[in-house]
Every structure is written in structure tokens, then in C-alpha cells.
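Let me begin by presenting the structure, written as C-alpha cells, before commenting on it.
The values are calculated or read from the model by the stated rules, or taken from the named source; none is laboratory data. These numbers come from a predicted model, not from an experiment. Cβ: placed from backbone, ideal geometry, glycine included. Neighbour counts: every protein chain shown.
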Amino acid sequence: MASPRVSEDLTCSICLSVFTEPVMLLCGHSFCRECISVSLDKQKNCPVCRASVDTEGQSLLTNHVLKSLVEKTKQKLQYRHDKEEAEFLCPEHDEKLKLYCITDQQLACVICRDSQKHESHKFKPVSEAAALVRGELQNIAQKISADTDALETLVQSQKGEVDSTKRRSGELKSLISQKFREMYKFLKKREKELTVKVNSDEEAGLNKMSKKLRDMEAAIAENRKLEETVTSALKIEDHERFLKTWSMEKEAKAVMCSFKPKRGDFQVQKIELSLGPYESHLQLFVWKEMLQVATPREEQLLLKNDQPSLMVSQDQRSATLNQLQETSQHCSSCYNSPSRHHCCGVHSYVMRNQQPSSTQSTATFAGQHYWEVYVGQHGCWQLGVPDIYLGHNAGTFYIYTSGRSTVLTVQGKPQKIGIYLNCPRKELSFYNADNMEHIHTASLANVSFPVSAHFTLGYPGSNNDPLVICRY
């Protein structure tokens, strides 16, 4: 059809139809000859501008330019109409497309139905087929909409995690500043380094979450594009045109056959920012790095001696074994407690080739603990908690967890081992306490709390270095 502006220019303002034998008045306005003749019989004015029209001795002049334009427009409209009619004729049999082949998913005529090409195919009348396909598309549209809603929910959750990560980053920065103020003169350089680490972790975490957000939003955009395609098809009310249009949309048909919701492909990305033991023992760790006096929060652990072959010092800080034995320790705060359940779980016991049971509990207690053990040149030892510990045997370091041992690469040979127990995060970390180099972090996700500190000294051989609980 002609554009709205051209169509208006070709319309008589009296009959509101395309001009028939257009004529033009002296005022410049044009009308159908019959329409203006009837109008002028009643009143001698232009129906549009109300200008006076003198018809005596004058005849209405044909607007040849407008007439030519109207004829061309009518020819163009007729051509388009004929073309649209041809679109709904079978190209092979020149019959009207009244059937829909379910098997091939295309329009067909009655001759096509009986042809060999469509032998054994299933057909439905166009109206029934349109209703069937329309129903399937409506179902797909609902799935797409539901998937988009789910993705938008994930996006909101992800944005919440971004805000939470930023808040957590701020809390850690405040903690760093608070601790460093107490030793500001000595530690300005270290404060900057740790702040940079948090900023780096924050940036890395936000980059990951931003990427996740972009992926989710891209999936939403794709869904909306598909939804727009399906919705546009559903708006076509004419059955034949609907099926014809839809059968030509190969991409949309593929969506109908194989659309899969994307919300299951995404999970909200969470970033846990942490300073490790620096959060709860920042002064102690930095003091050790800088070899300066600080006020560390050390664990007051005591060795317990109830075996004749176990040699424990009077201050209960060191032990020497002449044969394979295992010992453990208490927090001093809960050592004399009958219940032993009021700290985060560093409890002591002595093991004699059997699993302890009296000090195990399924309760989980909050808290962060760090202690150091001097192992010296001893060739065989284990440190940690029951079932998860760092071990050393004849120069080889290994981590034992969940019944398996994994060899670790450790630079040098540490004389002191630092153990950091983070109960809230369920992590156990080991450090070379001589230079605070991180050795390994193990998960305590499958461990029941409270737990006991675990120590083992193997056969010393020619070296009889004691196991010593360090004090500062």
C-alpha cells in the first residue's frame, strides 16, 4: 500500500475514498467530480476552505496530474493484491493452500496431499494447524518469559553480591587501618601492600562477577530477541499468513523445537574476600615479618602427659618421644573445663593407637586460632587436627586429608610451623613460621567441631629435637 502521506493526498475529503475523476477548484483544492458537483448544488463554497465558487459559465477542470497519480497508485495496489493472492496458491498445482502438512511443517493444497511427495504424511486443515502451532508458540513464549524472569532474579542476586563484596572489602580495609595505627611508624609500607592486596582481590572478584552479569544480561537479551520473534508471529491473526510466515522463520522454528531455558546455566558468582590469618592475627604476623615488638594474640596451649614413654617439660610446652606416639593439647581457657565445649574447639587428648571419642562433638564453635610449633631438625612429625594435618618424613612434606596423602613442594626446611584454624570459614592453614610463607590451606568442610590439636612425633633416629609450643 502507499505510504500514509501519499494515501491522504489521494483521498477525496468528501467521500474519504481514493479520487474518482478528480477535478480542481480555483482555490486549489481537488475533489471527485461527482462529489463536488453534489456539494456545489447545495452551497457554492469549497468544502475545505469555504472559498466562494462561481459555477455560472464555468466548468470543473480535470486535475490531470492527480488523475494520473491515482491511476498509477491503483495499478500498484492491484499488483500487490494479485501478488499476495499468488502467495497463497500452490506453486506446483496453482491451487489454494488449504491444508498444513504436519510432517513437513508447510502449507499444501489438496493435490499435494495425494501426491507421492506427501505420501503417508499427516495433514490438518489450516485453521486447526494454526491453532496447534499457535498453542506451541504460546507455551514457548511462556517458557522464555519465565526463563527471563529467573535470569533477572539471578542478576539482582549477583548485584547484591557485588554490593556485599564491596562492603566486605571496606570492612577489611577498616580492619587493616585499625591494626596498623598501633604500629604506624614501623609499618606504613606493609599497610600499603596489604591494602593493595585487598584492592586487587576486590577488583579480581568484581571482574568475575561483572563478567557473570554480562553473560546473564546477554542471555536475557537473547531471550528477549527470541521472545519478540515468537510474539510477532503470534500477533498474525490470519491463519494462512501466520503459518506461511512462521514456516519461513527457520531460526524461530528451531527455537520452538529445541528451546532450552538458560537459567540453569548460571549461578550467582560469590567472592569471599579474606586476609587469612591477618584478619585475626594481623599484629602477630606483621610483627614477625618486621621483627618488631607487637602485642600478639597467641594461643596458650599446654601439652598433656599421661604416658610413661612421653617426656613433657615442666612448663608443658615441649615434648620428646623415644618411639612413635601421638599427643594433643588444650586451650588453656578450656583445659580445666568439665564440658570442654565453651571455646571454638582446640581440645587436647593423648592417643594410643585408637580413635578418641570423649572430646569429639558435632557442635561448631566460632573463632580463629593460631599457634606455632618448633620442629627443628626432627625427621618425622605431623601437625594439625585429627584426620587433616601437615606431615614431614625424611625431607618430604605432605598434606593428609580425607584418608589421602598428597606431596607438597615446600621451599627450604622450616624450623617452626604455624597453624591457623579458622572455624567460621572451616579452613586449616599451615605456614613456615620462620618467614610466614604460606604452605597449604585445607578445607574442614567434612570435619565435626570442636576439633583437637593434633601432634605426632615419629622415631627420631639420630636427631632428638623436641616438639615445642612456641611463646613470644
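Couple of notes before you dig in:
- The set of residues in the range 8-59 being in a loop (DSSP other than H, G, I, E, B) and of a type in the set (Lys, Arg) consists of LYS44, ARG50.
- Criterion applied to SER37, SER17 was being small (Gly, Ala, Ser), closer than 27 Å to LYS74 by Cβ and under 60 Å from the mean Cα position of the chain (by Cα), and the one residue passing it is SER17.
- If only residues of the range 223-240 that are in contact (Cβ under 8 Å) with a residue 12 or more places away in the chain and of a type outside the set (A, V, I, L, M, F, W, C) are counted, the one that is farthest from ASP149 (Cα to Cα) is GLU240.
- Residues located in the range 404-422, provided they are over 18 Å from PRO386 (Cβ atoms), of a type in the set (Val, Ile, Thr) and in contact (Cβ under 8 Å) with a residue 12 or more places away in the chain: THR409, VAL410
- Only one entry of SER200, SER169 meets the criterion of being among the hydroxyl-bearing types (Ser, Thr, Tyr), part of a helix (DSSP H, G or I) and exposed (fewer than 13 other Cβ atoms within 10 Å of the Cβ), and that entry is SER200.
- Test: residue in the range 417-426 that is among the β-branched types (Val, Ile, Thr) and assigned to a loop (DSSP other than H, G, I, E, B): no
- Of all positions in the range 127-137, none carries a residue that is among the hydrophobic types (A, V, I, L, M, F, W, C) and over 30 Å from PHE242 (Cα atoms).
- Residue selected from the range 212-222 under the condition in contact (Cβ under 8 Å) with a residue 12 or more places away in the chain and under 30 Å from LEU172 (Cα atoms), by the criterion surrounded by the fewest Cβ atoms within 10 Å (Cβ to Cβ): ASP215
- Failed criterion for LYS122 (all others in (1) modelled with pLDDT of 75 or more; (2) surrounded by 12 or more Cβ atoms within 10 Å (Cβ to Cβ); (3) more than 25 Å from GLU227 (Cα to Cα) hold): (2)
- Members of the range 257-283 found to be within 21 Å of the chain's Cα centre (by Cα) and closer than 17 Å to THR195 by Cβ, listed by number: LEU273
- Breaking point among (1) at pLDDT below 90; (2) within 23 Å of LEU284 (Cα to Cα); (3) outside any strand (DSSP E or B), for HIS378: (2)
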